[in-house]
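So the structure is just underneath, and the comments pick up after that.
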Amino acid sequence: MKRGTCLHKIMEKVLLGEDIESPDFWESLKDELINDYLSENHDTETIPDFEPYIKAAQPFVESIYPFMDQVEEVLAVEYSFLNTYHGYAGKVDAVLKIKDIGWTLCDWKTSKARKTKSRTEDYATQLAAYAGSVNFDIYNKLPHLWNDGNGLRINQGMLIFGLEGHNYETL
């Protein structure tokens, strides 16, 4: 369990409409983390204490949370895909309609220091591949979105870095 895993789970809950200010939010987060752990490990005797991981993720959530003001619409959260043509699979953190940008494939990251573009080139390659696969899925599984006049296409990816003690940054 890492702070990034907790960040992803928290952002998923927020994007699905849960109120981060609610006391129930944090209790249900712990329950979901325990359920995820049990579904992967099947070990009920060594369930970790998730509180330290949640606390470790909170500064990054606080950094990223203002980004939510830019989100106009949510298409997908933690969306899994399989690209049989190119032989890879993945999970997209979110497909969001971002104010003044449009439909964007988003990837949450945590970092203690600012990243330069040169240190994120592998992420950019991954986002491009994922965007192509998600567009293919939209075309095949949701043709009404592809052809509805809005021409839903994911034309960009965005890395959203939660920075400890700083405002989020995007690349």
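Of note:
- Measuring only protein heavy atoms, the 1.4 Å probe finds residue 101 accessible over about 80 Å².
- Solvent-accessible surface (1.4 angstrom probe) belonging to residue 80, in square angstrom, nearest 10: 70 Å²
- Tilt relative to the chain, helix 121-141 - C-alpha long axis, 0 to 90 degrees, to 10: 70 degrees
- Accessible area of the range 13-77 divided out per residue, in Å², using a probe of 1.4 angstrom: 61 Å²
- Crossing angle, helix 23-41 versus the chain [Cα axis fit, 0-90 degrees, rounded to tens]: 80 degrees
- Heavy-atom accessible surface of the chain: percent carbon and sulfur, 1.4 Å: 48 percent
- Label-to-label distance for residue 85 and residue 70 is 2.9 nm, based on points extended 7 Å past Cα in the beta-carbon direction.
- Taking all protein chains together, 166, 42 sort by accessible area into 42, 166, largest first [probe 1.4 Å].
- With at most 13 neighbouring Cβ atoms within 10 Å, loop trypsin sites (Lys or Arg not before Pro) (DSSP) excluded, longest segment of the chain: 3-98
- Efficiency of FRET from Cβ geometry, residue 24 and residue 44, R₀ 22 Å, rounded to 0.05: 0.40
- In the assembled protein chains, residue 170 presents an accessible area of approximately 60 Å² (probe radius 1.4 Å).
- When +1 charges are put on Lys and Arg Cβ atoms and -1 charges on Asp and Glu Cβ atoms, the dipole computed for the chain relative to its Cα centre reaches about 900 debye.
The values are calculated or read from the model by the stated rules, or taken from the named source; none is laboratory data. Predicted, not measured: the structure shown is a model, and the values here were computed from it. Methodologically, a virtual Cβ is constructed for each residue, glycine included, from the backbone with ideal geometry; neighbour enumeration extends over all protein chains shown. SASA here: full protein model, heavy atoms, side chains in, ligands and nucleic acids out. Shrake-Rupley method; radii C 1.70, N 1.55, O 1.52, S 1.80 Å.
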